[in-house]
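Nothing in this text is a laboratory measurement; each read-out follows from the coordinates by a stated rule. It should be emphasised that the depicted structure is a prediction, and the values quoted were computed from it without experimental measurement. Positions of Cβ are generated from backbone atoms using ideal geometry, with glycine treated the same way; all protein chains shown enter the neighbour counts.
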Amino acid sequence: MKIYTRKGDRGETSLLGGRRVPKNHIRIEAYGTVDELNSFTGMLRDSGIPDLFRDKLLIIQKKLFVIQSHLAAENHDDFKKLPKLKEDDITFLENEIDEMNSEIPELKSFIIPGGHITVSYSHVARTVCRRAERLVISLSQQAPVNDFIIQYINRLSDYFFVLARRLGKEYGVGEIPL
């Protein structure tokens, strides 16, 4: 199987239903940024973090692929064939956030990202997630986007923030308040 097709050499790509659009189309920007987030999540997962967090990040990566597939689809027939994102997926993130939050000190000010490379990876994932959220919101203003996708990405950025703080505690690095 060849990786290159030459079909994109003029700056276009195909959506899930086959329609060709420019590579800078808002739909491509949205799912491309979710793909970038998935890659950063993989880097974070491979950074030597404890297995408990690694396992959760793998679950998240699989959900990000589901989100990408939905963002790449335009019509109802394509959506019916795709795996679903559900309210339970959002609840999973909320439960993880609550559990990690119970193990770290109350946040009393803004904090400067950093302190340990793995903490920094989590902050990078958080900021890419926020960018993905902005692009998905922009897409939703032009075309229907499942509400669970918007909610999941919003909650996921919170997850990465709390994970960064929890990993800071795990690695014994203090937070730098602003």
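Say R0 is 35 Å: what FRET efficiency, to the nearest 0.05, do residue 143 and residue 169 get from their beta-carbon distance? Once rounded, the FRET efficiency stands at 0.25. Here the extension length gained between residue 5 and residue 59 equals 16.3 nm, from 0.36 nm per residue of separation less the Cα-Cα distance.
Roughly how big is the chain's charge dipole about its Cα centre, with Cβ charges of +1 (Lys, Arg) and -1 (Asp, Glu), in debye to the nearest 20? Don't skip to the answer; put the middle values down first.
Numbers: 26 positive and 25 negative charges, 180 e Å.
The calculation lands at about 860 debye.
Rounded to the nearest 10 degrees, the angle from helix 147-170 to the longest Cα principal axis of the chain is 30 degrees. When Rg and Dmax are taken over the Cα atoms of the chain, they come to 17.6, 54 Å.
Starting with the highest mean, order 68-74, 21-27 by the number of other Cβ atoms within 10 Å, averaged over the residues of each peptide. Let's see the in-between values first.
Working: 68-74: 20.7, 21-27: 15.1.
Top of the packing list down: 68-74, 21-27.
Distances between placed amide hydrogens fall under 5 Å for residue 13 paired with 21, 23, all partners being 5 or more residues away or on another chain.
Counting neighbouring beta carbons within 10 Å and listing from fewest to most, the residues 126, 54 come out as 54, 126. Remark: relative contact order (region 30-178) = 32 percent; criterion is Cα-Cα distance under 8 angstrom and separation of 6 or more residues. As a ratio to 2.2 N^0.38 Å, the alpha-carbon radius of gyration computed for region 75-173 takes the value 1.25.
By count of other Cβ within 10 Å, fewest leading, how are 43, 1, 100 ordered? Intermediate values should be presented prior to the final figure.
Numbers: 43 14, 1 2, 100 20.
Ordered from fewest to most neighbouring Cβ atoms within 10 Å, 43, 1, 100 come out as 1, 43, 100.
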